[in-house]
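First comes the structure, then the notes that go with it.
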Amino acid sequence: MNNFTISIIGMGYVGLCTAVGFASKGNKIIAVDNDPEKVNSINKALSPFHEPHLNDSLQKAIKDGYLRCIPDLTEAILNTEITFITVGTPTKADGSINLQQIQNSAIEIGKALNKKDEYHLVVVKSTVVPGTTENFVKPLLEKHSNKHCGSDFGLCMNPEFLMEGSALYDTLHPDRIIIGENNQKSGDTLESLYTEFYSKEIPPILRTNLSTAELIKYANNAFLATKISYINTIANICEKIAETDIQTVAKAIGLDKRINPQFLRAGLGYGGSCFPKDLKALIAFSKQNNYNPTLLQSVQKVNQQQINHTIDLIETELGELSNKKIAILGLSFKPDTDDMREARSIPIINQLLKEGADVTAYDPVAISNAKSIFGDKIKYASSAIECLKNTDCCIIVTEWNELKKLTPEDYKQHMKTPILIDGRRIYDPKQFNQKITYKGIGLGRKDL
Ligand code: UDX
């Protein structure tokens with residue numbers, strides 16, 4: 001097998017999981033990051049973030065010599081055949097994407113390509129709005145390499161769809177591979193890497209032009225976010241109808257093959273590093289191109305409203321929130337990660353603090369990240385039970401497995417008043433309703 005040598009620029013979730021994934025099947029990987037702490041940590045086989053199974057595979061890759069991390073991008077380009085750009089594309093104040101890191105990488109890659117004689121393929125994996133690879137990355141690469149894109153070096157856009165919490169699994173088992181190509185040779189080179197890598201388990205490969213590949217990523221995430229806001233809308237309607245339950249409705253409509261059951265979990269809405277950012281960027285991009293994407297704006301609005309709705313549910317039970325003790329169970333934007341980016345816990349806690357509540361929070365792994373957001377404005381508990389002690393109300397914000405194990409008795413025994421708002425619908429309403437005051441998103445009340 002002729003394994004490719006690969007460099008990967010930017011050791012965030014996507015970069016590191018891609019690096020470890022490729023290394024796991026014998027590709028030699030040079031990972032690049034300009035943060036010396038990350039470089040050190042990766043070389044010591046310690047993932048800079050919490051991601052299930054990643055540390056084990058990282059350890060193996062480092063031990064077997066398939067992966068090393070360096071700060072020098074030029075060295076990485078000169079010693080590899082294919083480079084993936086996986087740097088961050090954060091949001092600017094106006095919602096559009098900030099291409100600073102893409103720009104820096106493209107300039108440095110261009111300069112390194114200038115020193116290289118052999119053909120090299122550059123692949124943009126970072127999420128970028130349509131036109132970026134063609135009109136921004138390509139001119140920078142050509143200018144700084146003094147070479148011609150297509151003949152001297154190749155260029156592809158290859159979006160990723162991995163989910164945090166299952167990032168490594170998703171890297172190794174994608175539903176499909178999208179290859180946006182500058183020209184046939186660029187696409188052929190990337191396709192041969194994937195054909196070799198996945199062998200008999202190769203998923204469908206779709207080859208497109210660069211802009212289509214860029215749009216596919218946004219269209220994909222915007223659709224999933226739309227599903228979530230849709231089911232939350234129906235959940236809110238359920239709450240107006242006695243004895244209905246969004247989970248039954250979601251199960252039923254999910255059985256329709258045209259809809260499918262995924263991303264129909266009603267709750268506090270979506271957070272994370274992708275959906276909120278990608279929605280903003282797609283909306284800003286559409287507006288810049290004189291199109292007002294009303295549907296996408298509504299998706300965002302519904303997501304924001306779920307926070308107000310949850311606060312309303314608490315106020316219905318407690319009245320004024322001033323000096324009320326509230327327990328927050330779960331801080332990360334979803335389970336199995338310590339990532340707090342756009343976590344729903346942030347707007348909920350901020351609103352509770354604004355209304356004068358006294359907040360104590362617990363999360364199995366995200367507390368240290370949460371401390372950099374809330375500081376000493378809230379208290380932190382070292383277990384779920386400790387978090388519940390003497391509180392007036394508890395909100396389930398993240399559906400961690402360990403929280404699912406709590407019983408109505410746990411809430412009854414430790415809280416001052418056992419009022420539970422199940423923001424992720426992790427408990428059986430029948431079991432909990434009998435013993436404590438239990439409110440779940442998308443549960444029609446008995447007394448309506
Ligand atoms: C997402 C995309 O799924 C992935 O393809 C993309 O590349 C990166 O963004 P991720 O952000 O890791 O992945 O998380 P995901 O599992 O998609 O969940 C996003 C948010 O939606 C979370 O806050 C989650 O709690 C919420 N969600 C998800 C729901 O509220 N209901 C659902 O049914 C599913």
* Can you list the residues, at least 5 places off or on another chain, whose amide H is less than 5 Å from the amide H of residue 265, using H built in the peptide plane? -> none
* Which value, in Å to one decimal place, does the Kirkwood hydrodynamic radius take for the chain when every pair of different Cα atoms is included? -> 23.5
* Which residue fluctuates the most in the chain, going by a Gaussian network model with Cα springs under 10 Å, if the choices are 210, 78, 67? -> 78
* Given charges of +1 on the Cβ of Lys and Arg and -1 on the Cβ of Asp and Glu, with all other atoms neutral, how large is the dipole of region 287-430 about its Cα centre, in debye to the nearest 20? -> 240
* Dipole magnitude of the chain about its Cα centre (Cβ charges: Lys, Arg +1; Asp, Glu -1), debye to nearest 20 -> 560
* Which shape class applies to region 1-143: rounded if a/c is under 1.5, otherwise prolate when a/b exceeds b/c and oblate if not, where a ≥ b ≥ c are the square roots of the Cα gyration tensor eigenvalues? -> oblate
* For the chain, modelled as a Gaussian network with Cα springs under 10 Å, which listed residue fluctuates most, 267, 131, 375? -> 375
* Structure fact -> Karplus ³J(HN,Hα) for region 19-28 (6.51 cos²θ - 1.76 cosθ + 1.60, θ = phi - 60°; Hz, whole; x = Gly/Pro) runs 4, 5, x, 4, 5, 5, 10, x, 7, 7
* How large is ³J(HN,Hα), in whole Hz, for each residue of region 64-72 in order, when computed from phi with the Karplus curve 6.51 cos²θ - 1.76 cosθ + 1.60 and θ = phi - 60°, using x for Gly and Pro? -> 7, x, 8, 9, 9, 10, 9, x, 8
* Asked: Which one of 211, 260, 186 has its Cα pushed farthest toward the positive end of the charge dipole of the chain, where Lys and Arg give +1 and Asp and Glu give -1 at the Cβ?
  -> 260
* Asked: So which residue, out of 107, 373, 328, gets the largest mean-square fluctuation from a GNM of the chain using Cα contacts under 10 Å as springs?
  -> 373
* Put +1 on the Cβ of each Lys and Arg and -1 on the Cβ of each Asp and Glu in region 370-448; which of 384, 421, 400 then has its Cα farthest toward the positive end of the dipole? -> 421
* Structure fact -> Taking alpha-carbon centroids only, region 190-208 lies from region 286-364 a number of Å equal to 40
* To do: Output the relative contact order of region 1-158, whole-number percent, from Cα pairs under 8 angstrom with separation of 6+ residues.
  => 22
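Can you tell me, using C-alpha contacts under 8 Å and at least 6 residues apart, the relative contact order of region 298-377 as a whole percent?
This gives 33 percent for region 298-377.
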* Asked: Sorted from fewest to most neighbouring beta carbons within 10 Å, what does the list 265, 68 look like?
  -> 68, 265
* Asked: Given a cut-off of under 8 Å on Cα pairs at least six residues apart, what relative contact order in percent is computed for the chain?
  -> 12
* Structure fact -> Amide H contacts under 5 Å for residue 209, restricted to residues at least 5 apart in sequence or on another chain and with H modeled in the peptide plane, are 181
* Only Lys, Arg (+1) and Asp, Glu (-1) charged, at Cβ; region 1-156 dipole about Cα centre in debye -> 140
* **In sequence order, calculated HN-Hα J values of region 44-52 (Karplus, 6.51, -1.76, 1.60; Hz; x Gly/Pro)** => 8, 6, 10, 5, x, 9, 7, 8, x
* Amide H within-cut-off set for residue 438, under 5 Å, with H built and near neighbours excluded -> 420
* Asked: Where does the chain land at 222 nm, in deg cm²/dmol rounded to the nearest 500, when only DSSP H runs of n ≥ 4 count, each adding -39500 (n - 2.57), divided by all residues?
  -> -13000 deg cm²/dmol
* In this model, which of 277/325; 334/389; 334/405; 301/379; 301/439; 125/301 are farther than 26 Å apart at the alpha-carbon? -> 277/325; 301/379; 125/301
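Computed from the coordinates by the stated procedures, all read-outs in this text should not be read as laboratory data. Note that this is a predicted model, so its numbers are computed, not measured. Neighbour counts are summed over all protein chains in view; Cβ atoms, including those assigned to glycine, are modelled from backbone coordinates with ideal geometry.
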